[in-house]
1. Would you please give the FRET efficiency between Tyr54 and Arg338, computed as 1/(1 + (r/R0)^6) with r the Cβ-Cβ distance and R0 = 45 Å, to the nearest 0.05?
2. Let me spell out the model: positive unit charges on the Cβ of Lys and Arg, negative unit charges on the Cβ of Asp and Glu, origin at the Cα centre of the chain. What dipole size does that give, in debye rounded to 20?
3. I need the phi-derived Karplus couplings for segment 237-248: 6.51 cos²θ - 1.76 cosθ + 1.60, θ = phi - 60°, integer Hz, Gly and Pro marked x.
4. Between Trp16 and Leu476, what is 0.36 nm times their sequence separation minus the Cα-Cα distance? Round to one decimal in nm.
5. Given R₀ = 35 Å, FRET efficiency for Leu568-Ala72 by Cβ-Cβ distance, to 0.05?
6. DSSP loop (so not H, G, I, E, B), at most 11 other Cβ within 10 Å: list which trypsin sites (Lys or Arg not before Pro) in segment 282-369 pass both filters.
7. Could you work out the relative contact order of segment 372-584? I mean the mean sequence separation of Cα pairs under 8 Å and 6+ apart, divided by the number of residues, in percent.
8. As I understand it, the value is the acute angle between the Cα axis of helix 290-300 and the longest principal axis of the Cα atoms of the chain; what does it come to in degrees, rounded to 10?
Amino acid sequence: MELIQPSDLYFGRRGWIARLQARLIMKVAALKKINRLYESAFSYEGPYPEGLLYNLGVSYDVAPSDLKNIPASGPAIVIANHPTGALDGMILIDLLSKARPDVKFMGNFLLSRIGPLKRFFIDVDPFDAKSGGNVSGIRESLQHLSGGGLLVIFPAGEVATWQRGFRDVKDRPWPESVLKFIRKAQVPVVPVYIEASNSRTFRLAGKVHPMLRTLLLPRELVNKAGCSVPLRIASPILPKKTEDLSKTAYNSYLRASVEYLKPSGRRRPRRAERRAARKVPDEVRGDVDVKLLCSELESLRGHYRLFVSGGYEVYCAPPQQIPNMMLMIATLRERTFREIGEGTKNEIDTDRFDRYYRQLFIWDNEALRLVGAYRLGLGDEIMRNYGLKGFYTHTLFRMSPPMGEVMSRTIELGRSFIAREYQRKPASLMLLWKGILHVLLQNEQYRYLMGPVTVSGGFQHTSKLIIAAYVSRFYLDRKKASYIRPRTGIVVPARIDESLIAEVRPIELINKIICDIERNAFSIPVLIRKYLQLNSSVLGFNTDHEFCDSLDALMLLDLRRVPEETILMLSKELTDIDVIGRFKKIKD
């Protein structure tokens, strides 16, 4: 029993030339091995698709959390890259048929010639939707979806190879016809990335002639014996979330949702860091005696308490007035940052800027505990006493003299944290922002809030690049950005095609991609999202080698651009102050 016989390869010729041609093709394309694979799978005790992979010696690796992204029921379309050819289909048939027995593949695949696999295919060329022969296949595909089925499409329609000369091995541009079909279907779309590739010989053959590449596809299948293929499966893209995207933005977003799943790795520790990692971290200092803290707070209430909200008090004080609370802040900083894999490894987290920066902090008056804190640098004081070098930002970004005028009207924010016990309470961060509002009301000379917002070093390299590309595309203040220069810039050993998200404005769509890449371990940092909601701009990005290669986004908030509803929300209790008037009278 053979899948392909020599007579199938005569192509209209007769005699010894036809037989010689057939033998040559059988040898070059390794079709005898394909026939043996086809036959041996019938003797496998399990499902035929599983038997094909077993006898080929190929396995695949997919995380249990990714498997949960396959809808258990209901209509959906799976889109995937197409790196190897038949193996891609074999893997997805085996994987998806176990989760969804109703799965079907849309296309004119050679795999559909295999009897036991024929039921998985709808014979249609989705890349030539106007062809008369395709009408019934497209209709059948839509009926399959309307009946609640799962449909798989390889949008590229052909195997990946070199694009742009000899640089990138990836899918060719996805045809608009298939993307139009996907959007018209109005069902959830599940992106899948298959991490595999064909040989260099295969790609070189394609440069000579596309038919040579096609001829070598069977050989590429059998030479994968013994390999394990990693898969990534993203959460479904819901039609309602993308309905406002333009055609170009939608098409690019689908491709980005697949292509960006390619693993880019996380940072590898440098030699010095590996040596430091072997050093046992100092034990975090114990909490300061609560009696000392309460006594200190008692002396602050007259001049440095900003407001009371429920059981919480919010203060802003210089370090000289709060030696005990400053020690508690430095202790809780270190403890909180260590819980997310960061921290200084010293017993407390403090630096030279703590000597003259204000500390804005929340005190739980019922539990008698520190909730969280923000560090504030008053720009005019710092410029007067230290110049531009006195700002923490200067350790990350070089600033030219024209930036001095901006910095003198800026409150620099940083080193924020919320204690673990309070992180799930939205009011905690809100109280800090209310505290900042009170400081601004007391200091009308300030127009800007500025601060580096950290993208943790634990993010995948691709995630960092996506965040930087997106924020720079839509929120960069080019004029002020020209006054600063990052000390190290964005340093990651990866590249992405930024054009794929160039027209995708909704941040929730970008955040979905980040969550998929990070398997929901990370998302776009909350502070970046909050800054952008307040109409902030970004001035640049810098890799901070001192903090696990975290990426710092330098955010600048012009107080004149803060939405009025946000100001009113933060100032509900301030009935005796013209808060809106304070923001409107800010001068250029």
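FYI, it's all coordinate maths here, none of it is from the lab. All figures in this text were calculated on a predicted structure; none of them were measured in a lab. Cβ coordinates were reconstructed from backbone atoms using ideal geometry, including for glycine residues, and neighbour counts include every protein chain displayed.
1. That pair, Tyr54 with Arg338, gives E of 0.45.
2. 2080 debye
3. Result, rounded to whole Hz: 8, 7, x, 4, 6, 10, 5, 8, 6, 5, 4, 5.
4. Going from the current span to full extension adds 158.6 nm.
5. FRET efficiency, Leu568 to Ala72: 0.20.
6. Values: sites: Arg285, Lys291, Arg301, Arg305, Arg333, Arg335, Arg338, Lys345, Arg352, Arg355, Arg358, Arg369; in loops: Arg285, Arg301, Lys345.
For trypsin sites (Lys or Arg not before Pro) across segment 282-369 that sit outside H, G, I, E and B with at most 11 neighbouring Cβ atoms in 10 Å, the list reads Arg301.
7. 24 percent
8. Helix 290-300 sits roughly 60 degrees off the main axis of the chain.
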